[in-house]
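The values are calculated or read from the model by the stated rules, or taken from the named source; none is laboratory data. Computed from a prediction, not measured in an experiment: that's the story for all the values here. Counting neighbours? That spans all protein chains shown, and the Cβs are built from the backbone with ideal geometry, glycine included.
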């Protein structure tokens, strides 16, 4: 059976990437981010989201990308996973895309992203890196960057 699902497509640097829509709470344009002294390099700071303090993660740095996306960032994607609410800095948000399992090429490991990737989505002529929110936040939590 060919399951369908939706992803939020966004850009980090020059690369199109996607998260499962089920994790996405909202997208915020140009939020004010307060730096946190002595925080890890992947943590850009925190933002006040309707009275809640939400950590903001530089997704480019988290993925080991060379581009410093944070200097060009226009959006923060707020995600919820288990009891964690966090924001990811991205350059731009493209929108929601409906996909099927047949359009996801299972790659044992996308070289640069390792376990953080679920594979590559092939949609028309585009290739989109399909990232795992739970794996990324799980790793950050395991190394105490979000606690």
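Restricting to region 68-83, count the residues that are within 18 Å of residue 9 (Cβ to Cβ) and either at pLDDT 90 or above or surrounded by fewer than 20 Cβ atoms within 10 Å (Cβ to Cβ) (or both).
Here is the first cut: in region 68-83, the ones within 18 Å of residue 9 (Cβ to Cβ) are 69, 72-79.
Adding the requirement that they be either at pLDDT 90 or above or surrounded by fewer than 20 Cβ atoms within 10 Å (Cβ to Cβ) (or both) leaves 72, 74-79.
Total meeting the criteria: 7.
Considering only strands (runs of 3 or more DSSP E) fully contained in region 1-61, which possess at least 3 residues that are touching a strand residue (DSSP E or B) at 6+ places or on another chain (Cβ under 9 Å) and surrounded by fewer than 17 Cβ atoms within 10 Å (Cβ to Cβ)?
Working: elements: 4-12, 15-20, 24-29, 43-49, 52-58.
Filter on region 1-61 gives 4-12, 24-29.
When only residues in region 30-58 that are touching a helix residue (DSSP H, G or I) at 6+ places or on another chain (Cβ under 8 Å) and in contact (Cβ under 8 Å) with a residue 60 or more places away in the chain count, which is farthest from residue 85 (Cα to Cα)?
Among those residues, the one meeting the criterion is 42.
Somewhere in region 120-129, is a residue under 14 Å from the mean Cα position of the chain (by Cα) and closer than 13 Å to residue 9 by Cβ?
Checking region 120-129: at least one residue is under 14 Å from the mean Cα position of the chain (by Cα) and closer than 13 Å to residue 9 by Cβ.
For region 85-141, give me each residue that is under 19 Å from residue 2 (Cα atoms) and part of a loop (DSSP other than H, G, I, E, B).
106, 107, 124
To keep it simple, each residue is scored yes or no on (1) modelled with pLDDT of 90 or more; (2) out of contact with any helix residue (DSSP H, G or I) (no Cβ under 6 Å at 6 or more places or on another chain).
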| position | (1), (2) |
| --- | --- |
| 87 | yes, yes |
| 98 | yes, yes |
| 101 | yes, yes |
| 105 | no, yes |
| 109 | no, yes |
| 121 | yes, no |
| 141 | no, yes |
| 144 | no, yes |
